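The values are calculated or read from the model by the stated rules, or taken from the named source; none is laboratory data. Note that the structure is predicted; figures quoted are calculated from it, not measured. Cβ coordinates were reconstructed from backbone atoms using ideal geometry, including for glycine residues, and neighbour counts include every protein chain displayed.
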There are 2 protein chains.
Amino acid sequence: MESLSLVQRVLTGEPRAVARAISKVEDGAEGASDLMKAVFPHTGRGLVVGITGSPGAGKSSLVDKLAGLYRKRGERVGIVAVDPSSPFSGGAILGDRIRMQALGLDPGVFIRSMATRGNLGGLARATVDAVAILDAAGYEKIIVETVGVGQDEVEIVKTADVSVVVLVPGMGDDIQAIKAGIMEIGDVFVINKADRDGVLRTEKELEALLSLAHRPDGWSPPIVKTVATENKGLEELAAAVESYRDFQKDAEGARGRRRAVARWRILELLRERLLARALEGDGVGERLDALSLEVADKRRDPYSAVDEIINASEL
Amino acid sequence: MESLSLVQRVLTGEPRAVARAISKVEDGAEGASDLMKAVFPHTGRGLVVGITGSPGAGKSSLVDKLAGLYRKRGERVGIVAVDPSSPFSGGAILGDRIRMQALGLDPGVFIRSMATRGNLGGLARATVDAVAILDAAGYEKIIVETVGVGQDEVEIVKTADVSVVVLVPGMGDDIQAIKAGIMEIGDVFVINKADRDGVLRTEKELEALLSLAHRPDGWSPPIVKTVATENKGLEELAAAVESYRDFQKDAEGARGRRRAVARWRILELLRERLLARALEGDGVGERLDALSLEVADKRRDPYSAVDEIINASEL
């Protein structure tokens, strides 16, 4: 019942309730599953924009300015920043506290950063749930920012309605920097810091790579040049995001993409639930501790350790 | 039996057997578990060096030159490159084919790239298994290179004996680029492309950040400046890697780290096995397809879909 009233408060868009609901799903707390079941039917109204790119590409400035532009249009904006890179300290983003000072005073903007916690994983799952909560709470634009280009981060960005990949001039020198895979997830490309040397070269290389790619939906991703810190190119970025959203509405491939995302969400959640359940078994936690020690000391291999835990959790 | 003889061939260091064994664990093929059980007792002799950093930091050149240096010392080198950024195409690293031409002709170097495949995840697990196979095959140095700074990539680098974080001058401008978490995983820091402007500033910023960090083992990570493409600073990097290896031998914290790695390996493997087993159940695959469609069409929420799969897989 308590979580039902939390849902009602989320649906009226109350920021404190939104924050509490996100904490619940992040912690995998009691009632998180019921909460999400109740929230889900109210999702699908907001536009989810995923933004990814390398560290140093200026993603945070870009996100802040894009959020500012949406605010000027009268829209409420949710920002979910994924920071998987702090496994020990629990993931405080250094820059996060700074940006909170600029945007955080605006009641029409909700900012939340998500970090890795605990053994069960579930960062990607928790992020997607946080986006769903913001969507149900009536935020018209939800921006998901991922730092890095890791496996989970790519998956998270793929769940967005529109995925934006941010590059900077000069990285194009390095063949490693332009990966086929990152190319494939971008619905819109941004060359940020476009006042720097080498913009043209990066643009040409990007165009060449994009001309090689074959998207199943037939979309040709636009390239937008921005200087986020000077507010340049943001209108063009917003227009590019909308153009893909409009294209996608009628696209043949859109349903296939939604289905792949749904499948991924189910599998992520299933993985987490199965592991949690296996570790709940009587004495399994202690056995895991003992086996970790044996494996660390090379007295046992991890594969037979897992056999033992699976057998123990079935008793 | 067939996989026993494969193990014997791996242990004699036969490159073809090593390649086949890695494919087996990567695919999660029949017999992969027995293979790893047999390989495990022969691991622990090689030195595993993890190298991570942002795209464009020049990691690949650095890895290649470091491998070259080890080769000159008469050591066999295994290189495992993790490329999680190509979810659609199956992960061909553009630069990979190029580097194969330079190093691949040397029979003392084994290069393998690992990519995300399929639904079950397991990239991190497969990478760690590949490293164990190379170790058992007698490669004295095994270099694990991860592109990006995602959650899984951080975990992979943490499993190395010595973790190297590569930065480049100029990224330090961007507060987002220097993350507390990446700082914490580095046993050795490299400022590559150290002939560029801004080296001193990056070095100062890095020193300041490192002075704030508190490592449980009391180690002060050295900072090495390199220009990999010109073979500068590589001897210093190799020496820094060895100094941490030597330090760690006697360190109080080393056993704790090994235990945390062992625990992580067990949990990764457990997660994968539990999911695989759940999906094997009669009709579960078909049910997953149908549920993905229902979730995609918003006729159902993912949480109740997972409830249903868990119930079905228990029948």
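What the table below lists for this structure:
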quantity: Yes/no for A:Arg263 being among the basic types (Lys, Arg) and loosely packed, with under 14 Cβ neighbours inside 10 Å; calculated: no
quantity: Test for B:Leu237: is it within 11 Å of chain A (Cβ to nearest Cβ) and buried (at least 17 other Cβ atoms within 10 Å of the Cβ); calculated: no
quantity: Check on A:Ala251, free of Cβ contacts under 8 Å to residues at least 60 places away in the same chain and either surrounded by fewer than 15 Cβ atoms within 10 Å (Cβ to Cβ) or among the acidic types (Asp, Glu) (or both); calculated: no
quantity: Helices (runs of 4 or more DSSP H) (entirely within the stretch B:172-273) containing at least 2 residues that are at pLDDT 85 or above and in contact with a strand residue (DSSP E or B) (Cβ under 8 Å, 6 or more places away or on another chain); calculated: B:199-212, B:234-250
quantity: Total residues in the stretch A:281-315, condition more than 10 Å from chain B (Cβ to nearest Cβ) and more than 29 Å from B:Ala160 (Cβ to Cβ); calculated: 7
quantity: Filtered residue count, the stretch A:27-61, keeping only those that are touching a Phe, Trp or Tyr at 6+ places or on another chain (Cβ under 7 Å) and either without any contact (Cβ under 8 Å) to a residue 60 or more places away in the chain or in a strand (DSSP E or B) (or both); calculated: 2
quantity: Pair list, Cβ under 9 Å, 6 or more apart: the stretch B:119-131 residue within 10 Å of chain A (Cβ to nearest Cβ) and more than 19 Å from B:Gly44 (Cα to Cα), other residue in a loop (DSSP other than H, G, I, E, B) and at pLDDT 90 or above; calculated: none
quantity: Conditions (1) assigned to a helix (DSSP H, G or I); (2) surrounded by fewer than 17 Cβ atoms within 10 Å (Cβ to Cβ); (3) of a type outside the set (A, V, I, L, M); number of the one not met by A:Asp64; calculated: (2)
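One line per residue, one yes/no per condition, for (1) outside the structural domain of A:Pro169 (by TED's automatic domain parsing); (2) surrounded by 13 or more Cβ atoms within 10 Å (Cβ to Cβ); (3) within 25 Å of B:Arg255 (Cα to Cα):
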{"site": "A:Pro216", "(1), (2), (3)": "no, no, no"}
{"site": "A:Trp219", "(1), (2), (3)": "no, yes, no"}
{"site": "A:Lys225", "(1), (2), (3)": "no, yes, no"}
{"site": "A:Lys232", "(1), (2), (3)": "no, yes, no"}
{"site": "A:Tyr244", "(1), (2), (3)": "no, yes, no"}
{"site": "A:Glu286", "(1), (2), (3)": "yes, no, yes"}
{"site": "A:Asp289", "(1), (2), (3)": "yes, no, yes"}
{"site": "A:Asp307", "(1), (2), (3)": "yes, yes, yes"}
